[in-house]
Amino acid sequence: MDNTNNMTSMKTDAKISHWQLFALLSIVAFFAVIVPLPDLLHATAKFGVAQGNVFSMSRFVTLSVSTAIMSAIFLPLLLYSAKYPDNVLAPLPKWLKKVFAAVLILRLLYGAVYTVLQINSFLVQTILTYLTPVFLVIPIFAAALYGSYKGVQSTARIASPAVFVCVLTVIALSLMMWSKMDVIQLYSPIGAARTEGGHTVFGRIVADVAGNDALFVFIALSGVVRTRVDKEKDSVIKPQSFKAVLYSFPLILVLALWLNVIYNAILGRYVSAVLYPLYVVSTYSSFNLLERMDGIIATIVIIGGILKITLFLICIRILLGETVSRELESRKPIAKIITLIMAVIAAVWAYALIGKEPLTTAPAVKYALLACVAIAALLLPLIAVIFARRTKKNAQKHCTDTA
Amino acid sequence: MKENLKQKVNFKDNLSSDLKTTILNLKELMDDTNDFVTKYAKVAGCNICIITCETMVNTAATSTLIYPPLTALDMSGVQLQPGELMAKINGELLIAVEQNQPKTYEELTLVFMSGFAIILVDGVDYGVAIGLQGFATRGVQRPLIHDNIRGACEAFCEVLRFNVALVRRRVRSPNFVSKITKVGEYSRTDVAICYFKDKVDKDMLRQVEERLEKIPIKMILEGGYIEPFLQDSGNSIFTQIGITDRPDNLAAKLYDGRIAVMVEGSPFAMFLPLLFNEHFQTTDDYTEMSVYASFIRLIKYFAFFLCMLLPGFFVATTNFHPELFPQHILFNILSAEQKTPFAVLSEAVIVIIIFEVMREAGLRLPSVVGHAFSIVGGLVLGDIVISVGLVSGPIVLIVAFSTIASFVVPDLYPSISVMRFAFLLAGGVLGLLGLSVVAAMALFKICSMSAYGVPYTAPLSPFTLKGMRDYFVRRGWHKLIKDDMTLDSMAGVVK
């Protein structure tokens, strides 16, 4: 593969900066931090308070280890994207591209469905206890579909201020709850992990790694990130997408760890008994006019979820464009129809799963998710590098022959 | 009319060298219109005719600038050939600065209707048009929609050339360029494009010129007629073209690299592209202390969100999430709501519709009945709807406050009105979920907008640090002048 960007056919305004990709990845990851996965919550209900203590001090261990694993898993992809400006699917032959794209699309669709389940679970447990599923699924997918029609630029432009709002909310919450925080309630994370048992902690680490959506978003979007042209050597293009991951990981880790400090310092051992500690903590805070801050948290969760689903639909369209036809990346009617079909499939799937979350904890689903991670993060970059080198070699040979 | 005349004489035809034929053809072409005034005379042995459009020409100027030199020429006793006379009038006599030579009936009728006096000489197949416009106009007055406390109080008027002059007076730089073109096949309205040649993006200028050329409307009476044709997306509730009635404001916008479009007959100038944050910037921001200006600007942003979201949030909270209210406020709301027959959402819809009707009526009604309207609308209606128990006090308070807040950002009023209603309905039906869904959709719309390659949400997103010095707050002039910030220097601008 040569170093020229294959996406030049795309309009320049459809490209995003690496800062915007950073914001998008951060929103996806932050959503997972504040709204834990429903299967974990069901595990809580199943095993009882002591064993289902997701947000206890052991979370420091699980977060640190899972972030370290994710960083290692991301490494091949980062190395690839630091060298090549296109996404990892670009150098593959058509048939192989289709196979990998199918896996990624399926995983992204699952991610969209799962996000709806997360929002549903959060709303039903907090502010809308009698929410009818259809009134959740239709508006959420309608908004996400509308957002996907508006393109990746639109979503990226929302994401940047959204990250700022999320960070600001955490800071505001910290300041408001400062007087209620009691550091005596914090205890050793290692001790907590030992008490809860290696099997439980390992299970959570696996769940964190398997449920990481940022990986798939990065694969789809790394090709639409603007490159930087080396001013000294005019023709050398410097890819920038990898920087987004380098900035996003530390930010999310710091936010997640700090939130866990807040939960434990305020709620103490009671943290084991709550499903959404951020919501519970926010109910203790107070603006003068508003009794509680939980409305703001709920709004952030809903808008964050819509952004995430929108992003998945856009990623699906980009992957389809990469494998089937470039027409599908545009705003042409055919692209809109395909996105509509994808949204309807995800909506029906989500509607069918609402209220049956334990299904998502089935071992087969977990293994499938882990397999997706392995394929996307390890196998795909490896094959891509082989094909990219082969293409480059062929191109050089062709040049020599012609000369 | 044009088609009927095609058999005899056409607008595209050249003028006849026979004076009588030319006048007859003109009268025929203009269907013997009443304001076609002719004055025949004999000067230096040649028959001449002066044509003017009644009330479009300054009669005093005509009698002091045209008649005396022609009379003096005749009195001198020289005898001239028609061509010599025309050359003398055209080249030697000092009458007026604005002067041209119409050669066809089309050219002649255009200058005639623009308020020129046209001198025709028997035996010459062209005329001399002299700019002596003197039609009645409204003078320069105070701004109507962008009034201020400190600074100039001059506003644009209906005469295009006056408006260009008002900007020129503030910018004595050779870089300020104004080009006038005619738009509208029937109205042939003068439209001026103004810009700073060292600041404007040439590609954007070319696009604006091309779009103006392609405007299909035949009658253009105001800037609003051509506005949709200059926008990238015609059906958005947020406009991408700014409107101002202040020449100082327009000069500042041009300095940032924008292009102004002014239409003859309109006391408003359009500038493009417009960014979202510009709705919150006023002239006073730059004349007041920066701290105070920043404070006011933050208030404006707060008011904007409040007026859009408050009714919807109130209805959503009352219906779905009452726990968000402090207890004593909740009890007050409950006791007020118990006395009314309608649901909170219905009450809010009723009150908003009443306010919108009153606003619209207030705009259209003659000013002499304004006091009566205020009493009936404000006191009687407002008081009675609460006392008879149709709607509750809190709802009236919320909607009234939201309406007042919406006037803090007057340029966004149309968008706010629509969005407020959407938020209200969504909040009433689905609570915070509905509000969030509509908010997300509105954000998608706003963030997807770009005009001439400039993102509507710049410089906030895509983020440009330099742009933040005049966004939520206004930094002091020492900081603002450090480095000029033009449209080109913003992140995300596509050229």
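Picking from residues in region B:474-488 that are surrounded by 15 or more Cβ atoms within 10 Å (Cβ to Cβ) and not charged (D, E, K, R), the one that is farthest from B:MET204 (Cα to Cα) is B:LEU480.
The set of residues in region B:52-73 being crowded, with 17+ Cβ neighbours inside 10 Å and either farther than 15 Å from B:MET86 by Cα or of a type in the set (Lys, Arg) (or both) consists of B:THR52, B:CYS53, B:MET56, B:VAL57, B:ASN58, B:ALA61, B:THR62, B:LEU65.
Here B:PHE162 meets each of (1) assigned to a loop (DSSP other than H, G, I, E, B); (2) closer than 30 Å to B:THR38 by Cα with one exception, condition (1). Annotation for region B:162-177: at least one member residue is in contact (Cβ under 8 Å) with a residue 24 or more places away in the chain, within 17 Å of the chain's Cα centre (by Cα), surrounded by fewer than 18 Cβ atoms within 10 Å (Cβ to Cβ) and under 30 Å from B:TYR413 (Cβ atoms).
Candidates A:LEU109, A:LEU145, A:LEU89: the one that is surrounded by 19 or more Cβ atoms within 10 Å (Cβ to Cβ) and modelled with pLDDT under 90 is A:LEU89. Here the helices (runs of 4 or more DSSP H) wholly within region B:384-495 that include at least 3 residues being within 30 Å of B:GLU288 (Cα to Cα) and either among the polar types (S, T, N, Q) or touching a Lys or Arg at 6+ places or on another chain (Cβ under 8 Å) (or both) are B:393-406.
Among all positions in region A:162-178, there is no residue which is at the interface with chain B (Cβ under 7 Å from one of its Cβ atoms), within 22 Å of A:ILE27 (Cα to Cα) and in a helix (DSSP H, G or I). Can you confirm whether A:ILE119 is within 14 Å of chain B (Cβ to nearest Cβ), at pLDDT below 90 and either surrounded by fewer than 22 Cβ atoms within 10 Å (Cβ to Cβ) or over 20 Å from A:LYS336 (Cα atoms) (or both)? It is false that A:ILE119 is within 14 Å of chain B (Cβ to nearest Cβ), at pLDDT below 90 and either surrounded by fewer than 22 Cβ atoms within 10 Å (Cβ to Cβ) or over 20 Å from A:LYS336 (Cα atoms) (or both).
The number of residues in region A:278-316 being at pLDDT 90 or above and either in contact with a Pro (Cβ under 7 Å, 6 or more places away or on another chain) or more than 13 Å from chain B (Cβ to nearest Cβ) (or both) comes to 3.
Scanning region B:324-342 for residues that are over 26 Å from A:VAL280 (Cα atoms) and touching a residue at least 24 places away in the same chain (Cβ under 8 Å) turns up B:ASN332, B:ALA336, B:GLU337, B:LYS339, B:THR340, B:PRO341, B:PHE342. Please work out if A:VAL245 is crowded, with 21+ Cβ neighbours inside 10 Å and more than 10 Å from chain B (Cβ to nearest Cβ). The answer is yes for A:VAL245.
Being closer than 30 Å to A:ILE334 by Cα, assigned to a helix (DSSP H, G or I) and either within 14 Å of chain B (Cβ to nearest Cβ) or under 19 Å from the mean Cα position of the chain (by Cα) (or both) is true of A:PRO139.
Can A:PHE30 be described as in contact with a Cys (Cβ under 7 Å, 6 or more places away or on another chain), modelled with pLDDT of 90 or more and in a helix (DSSP H, G or I)?
yes
Taken over region B:399-429, the criterion of being within 14 Å of another protein chain (Cβ to nearest Cβ) and buried (at least 23 other Cβ atoms within 10 Å of the Cβ) is satisfied by B:PHE423, B:ALA426, B:GLY427, B:GLY428.
Would a scan of region B:323-338 turn up a residue that is within 27 Å of A:ILE158 (Cβ to Cβ) and either surrounded by fewer than 23 Cβ atoms within 10 Å (Cβ to Cβ) or within 14 Å of another protein chain (Cβ to nearest Cβ) (or both)? Looking for residues that are within 27 Å of A:ILE158 (Cβ to Cβ) and either surrounded by fewer than 23 Cβ atoms within 10 Å (Cβ to Cβ) or within 14 Å of another protein chain (Cβ to nearest Cβ) (or both), one finds at least one in region B:323-338, hence yes. When A:LYS15 is tested against (1) at pLDDT 50 or above; (2) farther than 23 Å from A:SER154 by Cβ; (3) surrounded by 15 or more Cβ atoms within 10 Å (Cβ to Cβ), only condition (2) is not met.
Considering only region A:121-135, state which residues are assigned to a helix (DSSP H, G or I) and over 15 Å from B:LEU435 (Cα atoms). Residues satisfying the conditions are A:SER121, A:PHE122, A:VAL124, A:GLN125, A:PRO133, A:VAL134. Every condition in (1) within 20 Å of B:GLN133 (Cβ to Cβ); (2) touching a Ser or Thr at 6+ places or on another chain (Cβ under 9 Å) is met by B:CYS194 except one, and the failing one is (1). For first residues located in region B:471-484 and among the aliphatic types (A, V, I, L, M), partners that are surrounded by 13 or more Cβ atoms within 10 Å (Cβ to Cβ) and outside any loop (DSSP other than H, G, I, E, B) and lie 6+ apart or on another chain with Cβ distances below 6 Å form the pairs B:VAL473/B:SER294. Taking first residues from region A:115-127 that are in contact (Cβ under 8 Å) with a residue 40 or more places away in the chain and partners that are in a loop (DSSP other than H, G, I, E, B) and not aliphatic (A, V, I, L, M), the Cβ contacts under 7 Å between residues at least 6 apart in sequence or on separate chains come to A:PHE122/A:TYR276; A:GLN125/A:TYR276; A:THR126/A:TYR276; A:ILE127/B:HIS321. Across region A:335-344, a minimum of one residue is classified as among the small types (Gly, Ala, Ser), over 24 Å from A:VAL167 (Cβ atoms) and at pLDDT 90 or above. Please indicate, with yes or no, whether at least one residue in region B:455-478 is among the aliphatic types (A, V, I, L, M) and within 11 Å of chain A (Cβ to nearest Cβ). Yes; the residues of region B:455-478 include at least one that is among the aliphatic types (A, V, I, L, M) and within 11 Å of chain A (Cβ to nearest Cβ).
For B:VAL351, the requirement of being more than 14 Å from every other protein chain (Cβ to nearest Cβ), β-branched (Val, Ile, Thr) and under 22 Å from A:THR299 (Cβ atoms) is not met. For region A:142-161, a residue qualifies if it is more than 16 Å from A:CYS315 (Cβ to Cβ) and more than 7 Å from chain B (Cβ to nearest Cβ), and exactly one does: A:ALA142.
Put simply, of B:GLY362, B:GLY377 the only residue that is crowded, with 17+ Cβ neighbours inside 10 Å, closer than 30 Å to B:ASP284 by Cβ and without any contact (Cβ under 8 Å) to a residue 60 or more places away in the chain is B:GLY377.
When the criteria are applied in full, B:PRO394 fails the requirement of being touching a His at 6+ places or on another chain (Cβ under 9 Å), touching a residue at least 12 places away in the same chain (Cβ under 8 Å) and more than 12 Å from chain A (Cβ to nearest Cβ).
The values are calculated or read from the model by the stated rules, or taken from the named source; none is laboratory data. Please read these numbers as outputs of a predicted model, since none were measured by experiment. Note that each Cβ is placed from the backbone with ideal geometry, even for glycine, and that neighbours are counted across all protein chains shown.
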